[in-house]
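The values are calculated or read from the model by the stated rules, or taken from the named source; none is laboratory data. Everything numeric in this text was worked out from a predicted model, so none of it was measured. Cβ sites come from the backbone with ideal geometry, for glycine too, and all protein chains shown count toward neighbours.
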Amino acid sequence: MQKSTVSSPSTQVWSILGAGAIGGLWACCAQRSGCTTELIFRDQSSLAAYREHGGIAFTANEQTELLNIPACCPQALVQPIQQLLITTKAQQTLTALHAIKDHVQPDAIMVLLQNGLGIAEQVQAQFPQALVLQASTTEGAYRPKPFSLVHAGRGQTLIGAAVLPTNIKDPSQQLTDIAKSLSYAPLSVTVSENIEAVLWRKLAINCAINPLSVIHRCRNGELLNKPEAMTQIATVVDEILALSKALHLDDNLADLHQQVLEVARATANNRSSMLQDIESGRETEIEAITGHLCRLAAKQGLSLPCNQQLLDEVRRISTQNRS
Ligand code: KPL
């Protein structure tokens, strides 16, 4: 296979698809570090609203500054895209990518930084020559209002390739360079040798907390005080452990129940991203989270009754909410 000579990631501009909390966080930290990124808004009207606002009001360490980050929308794109950080909601990824597909270089580097699983494979199928990587972050950021962003809590970001590509020179050096090029201070991105396990564990945590926060309409920490929710968390985790075993993804998962409770405690004051979506009348990520889990289980001939029930319930609440 031909070896590609992708130029050093650190010298290239990252385009950021998805101007939500995480995309905005990366763009703001880059801007404050003197690096250029380009935020890609959904359409001309959201780009115009951003320009009208004069940028993103970014708050970190209780200090706010207005950052005028270079921005565009699919209709206004001119430059080819060689490096793309994808921070859209999982279910919006393919539509958002379709809108910019003519600008994405065939051998582009694409990093998916979003909740849920099952999207990277679809992106890779549509961009077969691209280097598609996945990342997971525990950085905390939220948008109190449009074009305002608060960096609420420091976390860790891991990046990796589910399968190390064979068509590029020195893939592990390439990964290290990409991680470095996305480490805009204070963000720090580290290469994970086993990103699949990282993403699987994150999926499990999201399956246990997000739907229940919607069903019980509460902050993450409040789940810990509800006996019914605590029983549901234990059952969700047991079902995920059974599926993990069937998929040989159960290494180091013995502490999963404990970790779910710790995350709920550590993020006690948060409204989960799924609850925020429901409260804002947006589509949720349930299909890429619990939906993905239940589809994987069905392929294994396993049923996950508690997860299936949460999936049905969130679908119902979401439909009711958006109608
Ligand atoms: O990732 C999260 C989310 O809300 O999507 C958790 C970890 C549950 C924190 O709120």
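List of remarks:
- Test: residue in segment 154-170 that is surrounded by fewer than 20 Cβ atoms within 10 Å (Cβ to Cβ), touching a strand residue (DSSP E or B) at 6+ places or on another chain (Cβ under 8 Å), under 17 Å from Gly20 (Cβ atoms) and assigned by TED's automatic domain parsing to the domain that holds Phe127: yes
- Within segment 268-290, the set of residues being acidic (Asp, Glu) and within 10 Å of the ligand (Cβ to nearest atom) comprises Asp277, Glu285.
- The lone exception for Gln105 - which of (1) away from the ligand (no atom under 16 Å from the Cβ); (2) in contact with a helix residue (DSSP H, G or I) (Cβ under 8 Å, 6 or more places away or on another chain) it fails: (2)
- Yes/no for Arg265 being charged (D, E, K, R) and either more than 16 Å from the ligand (Cβ to nearest atom) or crowded, with 21+ Cβ neighbours inside 10 Å (or both): no
- From the list Leu293, Leu243, Leu253, Leu310, the one residue that fits, being more than 16 Å from the ligand (Cβ to nearest atom) and more than 27 Å from Arg154 (Cβ to Cβ), is Leu243.
- The sole residue among Gln114, Gln122, Gln134, Gln156 that is more than 16 Å from the ligand (Cβ to nearest atom) and not basic (Lys, Arg) is Gln122.
- If the condition is being in a loop (DSSP other than H, G, I, E, B) and surrounded by fewer than 16 Cβ atoms within 10 Å (Cβ to Cβ), then segment 144-153 contributes Pro144, Lys145, Pro146.
- For segment 206-237, the candidate set comprises residues that are within 12 Å of the ligand (Cβ to nearest atom) and of a type in the set (Gly, Ala, Ser); within that set, the residue that is nearest to Ala264 (Cα to Cα) is Gly221.
- Here Cys35, Cys28 are screened, and the one residue that is outside any strand (DSSP E or B) and touching a strand residue (DSSP E or B) at 6+ places or on another chain (Cβ under 6 Å) is Cys28.
- Scanning segment 88-119 for residues that are part of a strand (DSSP E or B) and of a type in the set (A, V, I, L, M, F, W, C) yields a count of 7.
- Residue satisfying all of: in segment 259-281; assigned to a helix (DSSP H, G or I) and small (Gly, Ala, Ser); nearest to the chain's Cα centre (by Cα) among these: Ser273
- Criterion (within 25 Å of Met274 (Cβ to Cβ), among the polar types (S, T, N, Q) and either surrounded by fewer than 17 Cβ atoms within 10 Å (Cβ to Cβ) or without any contact (Cβ under 8 Å) to a residue 60 or more places away in the chain (or both)) met by exactly one of Thr88, Thr64, Thr95: Thr95
- Thr176 being away from the ligand (no atom under 13 Å from the Cβ) and either among the hydroxyl-bearing types (Ser, Thr, Tyr) or more than 30 Å from Pro305 (Cβ to Cβ) (or both): yes
- Any chance Leu302 is touching a helix residue (DSSP H, G or I) at 6+ places or on another chain (Cβ under 7 Å), away from the ligand (no atom under 16 Å from the Cβ) and either under 20 Å from Asn115 (Cα atoms) or assigned by TED's automatic domain parsing to the domain that holds Pro144 (or both): no
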